[in-house]
Amino acid sequence: MRLLGLDPGLRFTGWGIIEAKGNSLRHLGNGAIASDASDDLSARLVQLYEGLEKVIADWQPDEAAVEETFVNKNPVSTLKLGQARGVSLLVPALHNLSVTEYAPNKIKKSVVGAGHAGKDQIHAMVSMLLPGCKISNEHAADALAVAICHAHYASTNKSLKAATQMAGGRP
C-alpha cells in the first residue's frame, strides 16, 4: 500500500511517500511544497493546493495521513496553519483517498518511542526505518514520520474494522 504523509504548514508543507507491505516499509519520495511569503494568503493556499495535486498525480498514493494542528501562542499563526492544514485534508479527499489525522505526540511515539522527541531524533529514526532514504528537509522528515505512523496504525485499524464487521457490529 502506498501511503502519503503530510506535515502541513503555510510556508512549507512537507510530504513523504512510502510503500508498506506487511511489516516492511520502503521509501519512495519526499519533499516540501513552498508558498511565496510575499503573496497574499489566498495565493499561498493555491500554491499549496497545486503542489499537493502534483504530488498525488505523480505518486498515486492509496491513502493519506496528516499531522493534527497544535495550538500556538499566536492565534493568527494558528489560524494560518489551520488553513494550510485544510488544504492538506482537502486535496487527498478530492482524490477519494481516505485521510487519517494523527496527533504530533502519537506520531513521535510511534516513530521514536517517545512522545516528546526532538526534530533530530525524528530525522534519525526515519532514516533508520527507511534505509537509503535521502530526506530533503525537516518538513519532509516530519511528513515521512506521519506516513510511518499511519503504516503502523492503518493495518490495526483495518483489522479492528473487519473484526467488528464480522461480529455483526458497526464499524
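Among the residues of the stretch 23-64, write down those that are farther than 13 Å from Ala84 by Cβ and aromatic (Phe, Trp, Tyr). If the condition is that a residue be farther than 13 Å from Ala84 by Cβ and aromatic (Phe, Trp, Tyr), then Trp59 is the only one that fits.
So is Ser98 among the hydroxyl-bearing types (Ser, Thr, Tyr), more than 15 Å from the chain's Cα centre (by Cα) and at negative phi or not? Even if it seems obvious, please write down each step before you answer.
Working: among the hydroxyl-bearing types (Ser, Thr, Tyr): yes; more than 15 Å from the chain's Cα centre (by Cα): no; at negative phi: yes.
No.
Return the residues of the stretch 89-106 that are farther than 9 Å from Ala64 by Cβ and either part of a loop (DSSP other than H, G, I, E, B) or touching a residue at least 60 places away in the same chain (Cβ under 8 Å) (or both); say none if nothing qualifies. Across the stretch 89-106, the qualifying residues are Asn96, Ala103.
When Leu48, Leu52, Leu129 are checked against the criterion of being of a type in the set (A, V, I, L, M, F, W, C), surrounded by 14 or more Cβ atoms within 10 Å (Cβ to Cβ) and more than 16 Å from Leu6 (Cα to Cα), Leu129 stands alone in meeting it. Cβ separations smaller than 7 Å between residues 6+ apart or across chains give the following pairs from the stretch 1-12 residues that are under 14 Å from Gly86 (Cβ atoms) to residues that are buried (at least 22 other Cβ atoms within 10 Å of the Cβ) and among the aromatic types (Phe, Trp, Tyr): Leu6/Trp15.
Kindly provide the set of residues from the stretch 97-138 that are hydrophobic (A, V, I, L, M, F, W, C) and touching a Ser or Thr at 6+ places or on another chain (Cβ under 9 Å), ordered by number. Answer for the stretch 97-138, where residues must be hydrophobic (A, V, I, L, M, F, W, C) and touching a Ser or Thr at 6+ places or on another chain (Cβ under 9 Å): Val99, Cys133, Ile135. Across the stretch 136-156, the number of residues qualifying as buried (at least 21 other Cβ atoms within 10 Å of the Cβ) and either among the β-branched types (Val, Ile, Thr) or in contact with a Gly (Cβ under 8 Å, 6 or more places away or on another chain) (or both) comes to 12.
Per the conditions (1) part of a helix (DSSP H, G or I); (2) crowded, with 16+ Cβ neighbours inside 10 Å; (3) more than 12 Å from the chain's Cα centre (by Cα); (4) not polar (S, T, N, Q), the sole criterion not satisfied by Glu19 is (1). The number of residues in the stretch 123-151 being under 15 Å from His27 (Cα atoms) and assigned to a helix (DSSP H, G or I) comes to 19. Criterion applied to Arg26, Arg85 was being in contact (Cβ under 8 Å) with a residue 24 or more places away in the chain, in a strand (DSSP E or B) and either of a type in the set (D, E, K, R) or surrounded by fewer than 13 Cβ atoms within 10 Å (Cβ to Cβ) (or both), and the one residue passing it is Arg26.
What residue, among those in the stretch 101-111 that are buried (at least 18 other Cβ atoms within 10 Å of the Cβ) and not charged (D, E, K, R), is farthest from Ala154 (Cα to Cα)?
In the first step, residues of the stretch 101-111 are kept if they are buried (at least 18 other Cβ atoms within 10 Å of the Cβ); the result is 102, 104, 107-108, 110-111.
Retained after the next criterion (residues that are not charged (D, E, K, R)): 102, 104, 107, 110-111.
Numbers: Tyr102: 11, Pro104: 17, Ile107: 13, Ser110: 12, Val111: 14 Å.
Only one residue tops the list, namely Pro104.
Could you say which residue among Thr78, Thr13 is part of a helix (DSSP H, G or I) and closer than 25 Å to Ala117 by Cβ? First the steps, then the outcome.
Values: Thr13 fails: part of a helix (DSSP H, G or I).
Within the list Thr78, Thr13, the selection yields Thr78.
Each value in this text was obtained by applying a stated rule to the coordinates, not by laboratory testing. Since this is a predicted model, take the numbers as computed values, not measurements. Cβ: placed from backbone, ideal geometry, glycine included. Neighbour counts: every protein chain shown.
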